[in-house]
Every structure is written in structure tokens, then in C-alpha cells.
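Notes to accompany the following structure.
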Amino acid sequence: MQLNILDELQTKHLTLEARLRVVEHERIEVSQATGRILARAILNFRDSPALDISAMDGYAFRHDELENRELRPVSDQAQTPGDCFQVSGVAAAGARRLVLRADTAIRIFTGGVVPEGADVVIPRERCREESDRVWVTIPLDQIPLGWNIRRQGENARQDEVGLPAGCCIDGPRMSSIVSMNREAQIDVSRKVRVTIINTGDELKGMDSPIEPWQIRDSNGPLLESMLRACPWIEWNRVSARDDLNEIQTRLKEALDVSDAVLLTGGVSMGDTDHVPAAVRHCGAEVIFHRLAIRPGAPVLGAVGTEGQLIMGLPGNPVSVAVTFRRLGLELLDRMARRVSGRRKLKIQVVGSDSKTLGLVWYRLVQIQADGTALLLANQGSGDIRSLGLSDGFIEVPPGSLSQGMFAFYDWNTA
């Protein structure tokens, strides 16, 4: 059966992904692990919670002793000393477990260990408090056994997987690691080493005088900015003129020290587009060159002799941004052993036009206050103004109108 264009794109992408090496593990302090990729699952070193604890501030009682008291509403002034319980202690969070004596109550705070002998916690607002005494002010039929007690192990049991390998460690996951891991060190994937090679005689840095026929090198800073949002990546950037020998030398040097090399420009079919030849001269195997997409059709994906990723990204800024976000970033995820966390969203498009394309079309959009996506007018893959105004892009299948729900890729690369 013949593959459609989207299936063919995915097949080529997966073929390249399967050929890439993955980085090894390293052990680091948990305090230094934010933004890194967890390499080994976190196992709970104890039950969570470790003991029965209170779910709120209140008083811990024996339920059967409540059955022997006359419980009255707080508005009832007929409460008598005989209806009250003596407060025999205070159970604060982080304190040792107390023992509840007969015919007494223990004041308890959220997270405090439920005293031995207690089997119900009644909220403070359901009690009347006076010095060292407390009255319960709700009827017994509203006090179920075990009320407001979080049971030992109800979140997770000892030695269960608390956090799977492959996640990127952020604030919530850091909380889980600190709570569940026995030691202060964890195994993470080594940072993926990336080299960016910007090719082109016409490129000038921001600190250089520029003539009308010359171009600011925006692709290098674009990729650096996208990589900077990924703390599990480290990178450096070099430049090369439109010269086969120079590009080949830069590429060989980069492959010696990098897990991945991202080249910009020089990947099409012009007389000075030397990247495909340089890639082959370095012994790499080209998995795809030219895809049925717009922008970014000339994109090249290859694997080095030691499993390194080589991507040749077209020279126009929109093409660089789109092809790296759509193809390159997920390949770097794979090399880092990242298996979760990358958002794959579908979004409703508004303000559509009647245009169609016989290719996979990546169209820049701006997210509106109601969560829908507005198509941006775009003058082509060199339209850096529209690129800067966009929040990401949608993936429009070949021949389809840009109406309805579409896969959305945002510029957030974390």
C-alpha cells in the first residue's frame, strides 16, 4: 500500500531516530538535577504517606467514644462538662506519634501523624474549643469512621515506581524525587552535545557593519535560543564559508566532539550548496534529503558513523525554526532518552483562507485569548516579521483547507 505524504514523513523520521545513539548515564546531586532527563526510575523508599496522617487541622478521637457522648450543635448552649473531651496533647506535622488516652482528644494539624488509638479526625470548625477542653458539634451520623485520615501507603507503596525514567525534571517532579528517593543523588542522562554550524558567505553578526546585500546571521541565535530552553543540552556554534573543504572540515571537527550537528544553509541544489556532499564525504549515511513539506523542503537528515545526528536545515529563518521544532527537537529527545513531557496538541484554527497545498504545510499561527489559533499572513520562509509574531505553527495535511483542528507545535522547546 502506498504511503501518504504524512505517513512517509513519519516513517523517514522514525528511521533516522532508530539509527541514533543515546547518551550514557551520569550520577549527580538532586539539587543540580532541574532540567535534566531522569535516566533511572525513582522507587519509593517508603510508603507514601509513611504513616496514617491527618488531612486537616482538627481533633483526633476514638470513634466508639463519640457514640457514648451527646453531640450537640454549636448553637446549643446546653452543652455540659460531661459532653466534652479533655485535650491531652498536640500532634504537629513532623512530630513523633502520640498515644490517645481514653476519653480524651488530641489536637492535630494537617500532616500530623494520627495518634495511636485514634480512628477519626474532626475538623476544628466542627468543634467548640475552650482552654484544654473540646466539644464535638456535629451529629454522629455525619462522622464516618476514618474521616479525614490519609492512610499509610494510599499514594504509593514502598518500592513502587514513583517517577518513571525519561521525564524532564521540573518543579513538580523535583518534589516527587526529594520525597521518594532514598539518596541525595540520582542518575540522569548526560547532556546531549550539539554543534551548530552556520554556513554562508553572506552572513554577518550583529556587531559587524552590514551592506544591503548582506544578511544578519539570525539562524545561529535562533537555534541557540531554542536549545537554551533545554537544560539537558549543551552546545557551541561555529561558522563556515560556502566552501566544500571548509564545511567538511568544520563538520568532521564537530562530529569528533558532538552527539548532534545542526547545519544551517547550503543544503539545497545551488552551486554553493555543499552540505550534502560534505555530509557524505564524512562517511555519514543520508536517511532523507528533501521532504514534501513547506517551508523546509530541502531539509537533510543523516546519521554519522558513530550514531551522531546530522541535520542540514534550510537557510531561511522560518524553515530553520519549523524543521528544527518539528523534526530535530524530537530526535534530540530520543538521544537524551526523553520519553515523556513533549506536548502534542490539537488546536482550532480561525480566520482561515481558501488556500491549499499539495505538500505538508506548516503555517504560522498566533494563539488568541480564547485558545484558538489565528493564521498569520506570511510572505514566505524569509518572513522574519511573521515568525516573530507567531506562537508556533500548525501542520496542514496535503490538499486540505486550513479549517478545523490541526496538530500544533509551539515554540516552547522545554
* Please compute the Cα-Cα pair-distance distribution of the range 298-365 with 10 Å bins starting at 0, giving whole percents from short to long. => 15, 39, 34, 10, 2
* Asked: How big is the gap, in Å, between the Cα center of the range 273-341 and the Cα center of the range 183-204?
  -> 15 Å
* Highest-fluctuation residue, Arg96, Arg363, Arg343 considered, GNM on the chain with Cα pairs under 10 Å -> Arg96
* Structure fact -> quick note, the range 345-410, DSSP beta bridge pairs, % antiparallel (nearest 5) is 90 percent
* Asked: Where Rh is the Kirkwood radius over the Cα pairs of the range 345-410, the temperature 37 °C and the viscosity 0.692 mPa s, what D in µm²/s does Stokes-Einstein return?
  -> 279 µm²/s
* To do: Please express the Cα-Cα pair-distance distribution P(r) of the range 53-150 as a list of whole percents, one per 5 Å bin, running from 0 to the bin with the greatest distance.
  => 3, 15, 28, 27, 17, 7, 2, 0
* Could you list, in their original order, any pairs among Lys191/Lys346; Lys191/Lys344; Lys252/Lys344 whose Cα atoms are separated by more than 26 Å? => Lys191/Lys346; Lys252/Lys344
* Additional length obtainable on full extension of the chain from Val178 to Phe45, 0.36 nm per residue less Cα span -> 46.8 nm
* **Gaussian network model of the chain, Cα within-10 Å springs - most flexible of Asp353, Asp383, Asp370** => Asp370
* Structure fact -> Among Val365, Val350, Val267, the residue with the largest mean-square fluctuation in a Gaussian network model of the chain built from Cα contacts under 10 Å is Val350
* **Cleavage-rule hits, GluC sites (Glu not before Pro), the range 129-197, DSSP coil, Cβ neighbours within 10 Å at most 15** => Glu154, Glu160, Glu183
* For every helix of n ≥ 4 consecutive DSSP H residues, a contribution of -39,500 (n - 2.57) applies; sum these over the chain, divide by its total residues, and give [θ] at 222 nm rounded to the nearest 500 deg cm²/dmol. => -5500 deg cm²/dmol
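Every number in this text was worked out from the coordinates using simple rules, so none of it is lab data. Quantities reported herein were computed from a predicted structural model and do not represent experimental measurements. Virtual Cβ from ideal backbone geometry, glycine too; neighbours counted across all protein chains shown.
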